[in-house]
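Worksheet: the structure to be examined is printed underneath.
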Amino acid sequence: VTVDVDHLPIPVQCRQEGACYNGYYKKVVYLPIVASLAETGYLVDAVLREGKSADASESLEFILPLLDRMEEHICQVASVRFDAAFPSEELLSGLENRSRPVGYVGRLRNNAVLDMMAAAHLVLPAAIPGEEPRTFLYDKTYKADPWSRHRRVVLVVQERPTELFPHYFWLVTSWAPEQMDAAALLE
């Protein structure tokens, strides 16, 4: 199975203990981490966190025991997916260094270095009128400043019919291209 990990803002109306103003959501919230099965959407675990929690805080302490419990009682975990809030060095190396390493894919936040790496791929070949919007995938390696080493990243460039410029984002993964090509990774 694939375990999807995300945070889920829960807005509150009163001054409840642990609820805090979160500038990203512009609301007073709790910010729990939730895990669900990608194949079914079933919620498998959650941990309540204060609204001021950093996006990736407590994620390793949440994910590793969850994977252990799932592998012991439910099934072998095939992979973990997470959004751009989570790919910290602590989490990535924690997943890679488990006694049974687990494959992962996560979205990265764009930054100046990733934007420069993407620039050469953002000039798309002319599209054929009436053709479906296209997606282009490019395998690269990248080392964010806090990371201990280079990791595989995939640039995803998508045409959008109503927009002049393509949309793009980055994925980071522990799978080698031989294990999972970029198209399968995106899917």
For the range 5-23, which residues satisfy the criterion of being more than 27 Å from Leu67 (Cβ to Cβ) and in a loop (DSSP other than H, G, I, E, B)?
Val12, Gln13, Cys14, Arg15, Gln16, Glu17, Ala19, Gly23
For the range 117-135, name all the residues that are open to solvent by less than 100 Å² (accessible area, probe 1.4 Å), under 23 Å from Leu171 (Cα atoms) and among the aliphatic types (A, V, I, L, M).
Met117, Ala118, Ala119, Ala120, Leu122, Leu124
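Within the group Leu48, Leu64, Leu95, which residue is aliphatic (A, V, I, L, M) and modelled with pLDDT under 90? Full working, then the answer.
Details: Leu64 fails: modelled with pLDDT under 90; Leu95 fails: modelled with pLDDT under 90.
On inspection, the qualifying residue turns out to be Leu48.
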Filter result (loosely packed, with under 15 Cβ neighbours inside 10 Å and outside any loop (DSSP other than H, G, I, E, B)) within the range 146-185:
His167, Ala183, Ala184
Top-ranked residue of the range 136-145 - restricted to ones that are open to solvent by 30 Å² or more (accessible area, probe 1.4 Å) and in a loop (DSSP other than H, G, I, E, B), ranked as modelled with the lowest pLDDT:
Asp145
What number goes with the only condition from (1) polar (S, T, N, Q); (2) in contact (Cβ under 8 Å) with a residue 40 or more places away in the chain; (3) open to solvent by 40 Å² or more (accessible area, probe 1.4 Å) that Ser59 does not pass?
(3)
Only one of (1) over 19 Å from Arg107 (Cα atoms); (2) at pLDDT 90 or above; (3) open to solvent by less than 40 Å² (accessible area, probe 1.4 Å); (4) hydroxyl-bearing (Ser, Thr, Tyr) fails for Thr40. Which number is that?
(3)
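The values are calculated or read from the model by the stated rules, or taken from the named source; none is laboratory data. Predicted, not measured: the structure shown is a model, and the values here were computed from it. Cβ sites come from the backbone with ideal geometry, for glycine too, and all protein chains shown count toward neighbours. All accessible areas refer to the heavy atoms of the entire protein, side chains included, with ligands and DNA or RNA removed. Shrake-Rupley method; radii C 1.70, N 1.55, O 1.52, S 1.80 Å.
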